[in-house]
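Asker: Got a structure here, written out as structure tokens. Questions coming.
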Amino acid sequence: MSCPHWYIFVLAVEWRQVPVKLKKLEIQESWPQVGTATDVEHSDPTEILLDYFQGLEEFYLDQAGAVVSKYTWESVCHHSSTLKRFVNHSRFYDEELEDWTDLPDMMISERDKEGYRDDPTSSPLYPLNLDFIEVFCEPINLLGVLNPFSRKDCLRIVHVRQSRKNMEYTSRSWGIMVIIDDEPVDETPAVDEGENPSNEYLEPMFWAFVEWAFSYKGIKSLEYILFGDYGQPEQMSRGNLLICREGYGSEDFRIIRESCPAPKWDYVKKE
């Protein structure tokens, strides 16, 4: 759903009590917009719609940065008994760039992140029993966002998405770093091209997340971590990674580039 006047549409649905029986919903926000003010000031149309009905199994949200993510997550939990797939990207409009820019902290405060790390049950995501989650989130923030699933036995796939646009703006990858000459690596695993060694390694903060996620303290049900932007495979495939746990309960894993075809990639893409 992407419509300039969809806020008015959502309010009309709520006011007229229109029955909603959706299992899959995709929303690309461009909110707030000039001239859309109503009597219901500061309310978010996505939250209104999510709170209005139940039964979603898949929810894809490209979210404008006017609303703090945790409030949206609270509304997403209205569908906790059925929701299995959740994709959440956060953006804001940069006046200098005159373009939408990604929000790698997902508008989560340091206080909230610390609280979610210390007490996973305090996170708005804790009531969800997801099979798959995709977040646009820098590695330093991932533990706070995904720690709730360390107390559950449901989440199998995590996709950490860094968009092509973000890479162009920042000139760096969250997942991969290039080692020049003989720089120290600090035991960070290499990202090889099949059987060919490379000078690329997992970025330290991303590596720390991967280690935690597959450890006994992490997400015990997790099978795969994906990294990259699959919207642009032809340009980004070398930077797209699939990290596979070797077996249930194992802390060992393999790293496979998308540019190196493997059966695991075909399986995960079908998922």
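Readers should treat all values here as calculations from the given coordinates under stated rules, not as data from a laboratory. Here the structure is a predicted model, which is why all the values come from computation and not from measurement. Virtual Cβ from ideal backbone geometry, glycine too; neighbours counted across all protein chains shown.
Asker: Given the pairs Lys23/Lys220; Lys152/Lys264; Lys113/Lys217, which span a C-alpha to C-alpha distance of over 22 angstrom in this model? Numbers along the way, then the final one.
Answerer: Working: Lys23/Lys220 27 Å; Lys152/Lys264 24 Å; Lys113/Lys217 17 Å.
Correct reply: Lys23/Lys220; Lys152/Lys264.
Asker: Let me ask something additional. If you place +1 on the Cβ of every Lys and Arg, -1 on the Cβ of every Asp and Glu, and leave all else neutral, what size is the dipole of the stretch 6-155 about its Cα centre, to the nearest 20 Debye?
Answerer: Its charge dipole is roughly 880 debye.
Asker: If you don't mind, another one. What percentages, rounded to whole numbers, describe P(r) for the stretch 6-155 computed over all alpha carbon pairs with 5 Å bin width beginning at zero?
Answerer: Cα pair-distance distribution for the stretch 6-155, in percent: 2, 9, 18, 22, 20, 15, 9, 5, 1, 0.
Asker: For the stretch 6-155, build the charge dipole from Cβ charges (+1 Lys, Arg; -1 Asp, Glu) around the Cα centre, then report which of Phe149, Tyr7, Trp73 sits farthest towards its positive end.
Answerer: It is Phe149.
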